[in-house]
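Colleague: Please see the structure below; I have some questions.
The values are calculated or read from the model by the stated rules, or taken from the named source; none is laboratory data. These numbers come from a predicted model, not from an experiment. Counting neighbours? That spans all protein chains shown, and the Cβs are built from the backbone with ideal geometry, glycine included.
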Amino acid sequence: MNKRIALFSIVFLTTLFVVNAQSGFGVKAGLSYNSNGEFKDAGNDISSFIDNKGKGKSGFNVGFYGKLDLGPIYLRPELVYTKTTSEYVYNSNNIDYKVSKLDMPVLVGIKLIGPLNVFAGPAFQYYLDNDLKGLSFNEIENEFSVGLNIGASIELGRLGIDVRYERGLSTNEANWSDAGETFTLDSRPEQIIFSLSYRLSKEKI
């Protein structure tokens, strides 16, 4: 299937669900502390000039959500634009690896006590762009991948606050070369995400 057709299908289906959600829909935005995986050399030890593990930096996300209440359980799909950055040391220089993607978490939540909820679910990810400053860099191996979200939230009227952990599950690498050497970089994100949401729909009576 054409990847653009698949992307637009995801956006359309999510929008349709949000518009028709029985319990509500709204917008959300947040900040994250994130990192990607390690640099890997195809055949040599490169630890002397590459910080293999990298350093996490702050990122952001913005999007919208729908929510369907099923008694003490609820279903919450989201469509979110995410920007992440990781920092690596290459030849004594700090370089940023930037990734932008569309995330579609499909979360199943459980209402606990009062406004407190816990949730978990898969996150379907479509990579829009990736950039490693100053290096000859190819696109990532798979534009589509799957991750996992798990976290907790508090709902105070129309406002919602949540914190979650996200981890990419499917292997997804980007390839690049320099001075005759071939390297790969693990593009799976690992994030701690803090989000604020606002419900646009009226509360059901």
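Colleague: Could you list all residues from region 103-125 that are over 21 Å from the mean Cα position of the chain (by Cα) and in contact (Cβ under 8 Å) with a residue 40 or more places away in the chain?
Modeller: 115 - this is the single residue of region 103-125 that is over 21 Å from the mean Cα position of the chain (by Cα) and in contact (Cβ under 8 Å) with a residue 40 or more places away in the chain.
Colleague: Does at least one position in region 122-132 carry a residue that is surrounded by 14 or more Cβ atoms within 10 Å (Cβ to Cβ), over 18 Å from residue 28 (Cβ atoms) and at pLDDT below 70?
Modeller: Among the residues of region 122-132, at least one is surrounded by 14 or more Cβ atoms within 10 Å (Cβ to Cβ), over 18 Å from residue 28 (Cβ atoms) and at pLDDT below 70, which makes the answer yes.
Colleague: Still on this model: Is at least one residue of region 116-123 of a type outside the set (Gly, Ala, Ser) and closer than 15 Å to residue 189 by Cα?
Modeller: Scanning region 116-123, I find at least one residue that is of a type outside the set (Gly, Ala, Ser) and closer than 15 Å to residue 189 by Cα, so the answer is yes.
Colleague: Also, quick follow-up: Kindly indicate the residue of region 149-185 that is among the hydroxyl-bearing types (Ser, Thr, Tyr) and surrounded by 13 or more Cβ atoms within 10 Å (Cβ to Cβ) and also modelled with the lowest pLDDT among those meeting that condition.
Modeller: 177
Colleague: Quick check on residue 21: is it exposed (fewer than 14 other Cβ atoms within 10 Å of the Cβ), at pLDDT below 70, out of contact with any helix residue (DSSP H, G or I) (no Cβ under 8 Å at 6 or more places or on another chain) and not polar (S, T, N, Q)?
Modeller: no
Colleague: State the number of residues belonging to region 93-133 that are aliphatic (A, V, I, L, M) and under 16 Å from residue 75 (Cβ atoms).
Modeller: 8
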